[in-house]
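Colleague: Structure in structure tokens, see below.
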Amino acid sequence: MITSISILLLVALCHDAFMATHHSTIHHSTTTTTFPTNFLRTSRAMSKRWCFNELRSFRNRAVLGESWKSFGSELGFIGAGGTANRLNPPFVGRRLCAKPRPAAERGACMAEFVDWSSVRDAAEFYGRVGAVLDRGEWVAFPTETGPALAACVDRAEALTRIPADGLHWSLAMPEAANLADWVGELSPLARRFIRRTWPGPVCFEFAYAAKTESAAQIHELTRMRVAPDGNFALRRPAHDAILDVLAHRGRPLVLAEPLVPSADWVAAHGDAVGLVLEAGPSRYHQPATRVRIDGNSWRVASPGVLTEKDLRPLTACLVLFVCTGNTCRSPMAEAIFKRILADRLGCGIEELAARGWWATSAGISARPGEPAAKEARTAVAAFGADLTGHESRPLRADLTVEADYLIAMTADHVRMLRELFPELGTEPRRLGGDEDLADPVGGDQAVYDECARTIRTHLERLAAEVMQS
């Protein structure tokens with residue numbers, strides 16, 4: 001049986017092969033940069049992360065060793081109209097190679113039309129888009145939910161050229177932007193949500209966002225559009241065209257999107273639009289879901305591609321325990337931690353996911369499929385925990401990115417995590433604080449029992465911290 005992990009690895013390997021075949025070429029002797037037909041982004045690492053973005057809602061559960069089918073059916077992701085049907089195939093940033101619409105079908109819009117798939121010269125492309133934005137006109141970008149109009153955040157006069165009503169407004173944020181500069185310190189919930197959904201069809205409205213220095217510098221008219229009643233709306237659309245422009249300019253763009261996506265709505269704004277980038281049909285035919293975040297609570301403010309049922313699993317707090325082989329210390333920590341959380345929440349271990357909690361483990365040098373040591377199974381059973389179904393798994397980069405708590409057993413594990421996985425979702429730390437947890441491998445049952453008692457003592461403190469966050 002092909003597991004969900006195998007599927008994800010196959011996707012990644014196929015993507016690497018694709019990128020190796022269709023890599024970009026840069027001619028250093030001239031000012032011309034040639035881009036691949038299907039991707040504008042030239043970084044293989046960034047494109048690899050990009051391919052995983054649309055799998056994240058599944059991957060968070062799949063990497064924990066459970067099957068794709070049980071994951072989707074348990075949380076309601078698979079079925080008629082479910083997210084599983086909407087989020088395939090995985091390459092959300094892939095340029096759809098459809099031909100641009102004929103001129104006769106473009107309506108009254110007098111803007112210049114550019115076929116996105118024909119873009120080759122980076123400098124010329126950025127210059128053309130920048131010129132339109134800098135003179136206070138709008139650029140129509142393709143996004144995963146249809147065409148969106150974008151304007152320079154520093155040119156408020158652009159906002160006077162299209163009506164405010166009947167549109168969803170937000171700031172489109174570059175990947176490198178520090179969101180706290182715009183909406184204040186992000187809650188753990190907000191960080192999880194953003195990490196697991198962007199770029200993608202979710203716009204976050206931060207309730208009563210702090211009046212930060214960056215937010216205070218934007219024009220009042222812009223603030224009235226993107227932050228009515230103090231609810232600051234931020235978005236990161238899932239399409240290479242706008243993401244690359246955002247990265248190149250290093251500043252947000254004001255984004256206007258229709259309440260109901262339509263391929264023809266751009267034409268209604270006539271002379272306000274200076275440039276239209278065409279890329280064929282959009283992935284979805286619904287608007288981006290707007291999620292209101294207030295501290296560590298959230299609600300769907302405006303429905304869209306992802307439903308509340310789709311989004312809820314993405315809010316789960318993931319605690320990842322790491323050791324060497326994933327047969328002794330880290331699985332014992334995982335099993336005991338689940339027992340502690342379930343006892344404190346007054347629920348069964350099988351209910352933790354629905355309550356918003358995930359705990360799992362992996363090994364830096366683990367071989368896949370090994371059972372937990374017999375002594376480890378016996379040791380955790382004394383605390384009401386169960387390791388009978390455990391199978392070891394190697395630590396993967398995407399799992400370290402998703403973890404909210406990354407708990408290692410020794411200082412060497414912490415060091416290797418930092419060296420092997422440069423893009424961690426959180427700072428790794430030792431379970432024992434300043435102390436290493438000795439490996440019980442080779443010891444008798446008494447050694448394992450003592451190790452389990454020490455683990456439980458540390459986990460009681462960790463559980464209190466995690467549940468307060």
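The values are calculated or read from the model by the stated rules, or taken from the named source; none is laboratory data. Bear in mind the structure is a predicted one, so any value in this text is a computation, not a measurement. Virtual Cβ from ideal backbone geometry, glycine too; neighbours counted across all protein chains shown.
Colleague: Buried (at least 20 other Cβ atoms within 10 Å of the Cβ), assigned to a helix (DSSP H, G or I) and either aliphatic (A, V, I, L, M) or at negative phi (or both): does that describe Ala335?
Modeller: Yes, satisfied.
Colleague: Turning to a different aspect of this structure: So Trp169 ticks every box in (1) in contact (Cβ under 8 Å) with a residue 40 or more places away in the chain; (2) outside any helix (DSSP H, G or I); (3) surrounded by fewer than 17 Cβ atoms within 10 Å (Cβ to Cβ); (4) not aliphatic (A, V, I, L, M) but one. Which box is left unticked?
Modeller: Tallying (1) in contact (Cβ under 8 Å) with a residue 40 or more places away in the chain; (2) outside any helix (DSSP H, G or I); (3) surrounded by fewer than 17 Cβ atoms within 10 Å (Cβ to Cβ); (4) not aliphatic (A, V, I, L, M), Trp169 fails exactly one: (3).
Colleague: Let me ask another. When the residues of the stretch 436-469 are narrowed to those that are in contact with a strand residue (DSSP E or B) (Cβ under 8 Å, 6 or more places away or on another chain) and outside any helix (DSSP H, G or I), which ends up modelled with the lowest pLDDT?
Modeller: Ranking the qualifying residues of the stretch 436-469, first place goes to Ser469.
Colleague: Filter the stretch 264-293 down to residues that are among the hydrophobic types (A, V, I, L, M, F, W, C) and surrounded by fewer than 17 Cβ atoms within 10 Å (Cβ to Cβ), then give me how many there are.
Modeller: 1
Colleague: For Trp182, state whether it is crowded, with 17+ Cβ neighbours inside 10 Å, among the aromatic types (Phe, Trp, Tyr), out of contact with any Phe, Trp or Tyr (no Cβ under 7 Å at 6 or more places or on another chain) and in contact (Cβ under 8 Å) with a residue 24 or more places away in the chain.
Modeller: no
Colleague: Hey, any hits in the stretch 382-390 for a residue that's polar (S, T, N, Q) and free of Cβ contacts under 8 Å to residues at least 60 places away in the same chain?
Modeller: Among the residues of the stretch 382-390, at least one is polar (S, T, N, Q) and free of Cβ contacts under 8 Å to residues at least 60 places away in the same chain, which makes the answer yes.
Colleague: Just give me the residues in the stretch 123-144 being in a helix (DSSP H, G or I) and either modelled with pLDDT under 90 or among the charged types (D, E, K, R) (or both), in sequence order.
Modeller: Selection gives Glu124, Arg128, Asp134.
Colleague: If you check Leu431 against the conditions, is it touching a Phe, Trp or Tyr at 6+ places or on another chain (Cβ under 9 Å) and crowded, with 18+ Cβ neighbours inside 10 Å?
Modeller: Answer is yes for this residue.
Colleague: Filtering the stretch 378-395 down to residues that are part of a loop (DSSP other than H, G, I, E, B) and in contact with a strand residue (DSSP E or B) (Cβ under 7 Å, 6 or more places away or on another chain), which residue is nearest to Leu318 (Cα to Cα)?
Modeller: The residue in question is Leu395.
Colleague: For Ile340, state whether it is more than 28 Å from the chain's Cα centre (by Cα), over 16 Å from Met409 (Cβ atoms) and buried (at least 17 other Cβ atoms within 10 Å of the Cβ).
Modeller: Answer is yes for this residue.
Colleague: If a residue has to be over 16 Å from Ser297 (Cα atoms) and either touching a Pro at 6+ places or on another chain (Cβ under 7 Å) or aliphatic (A, V, I, L, M) (or both) to count, how many in the stretch 186-201 make the cut?
Modeller: Final tally of qualifying residues: 1.
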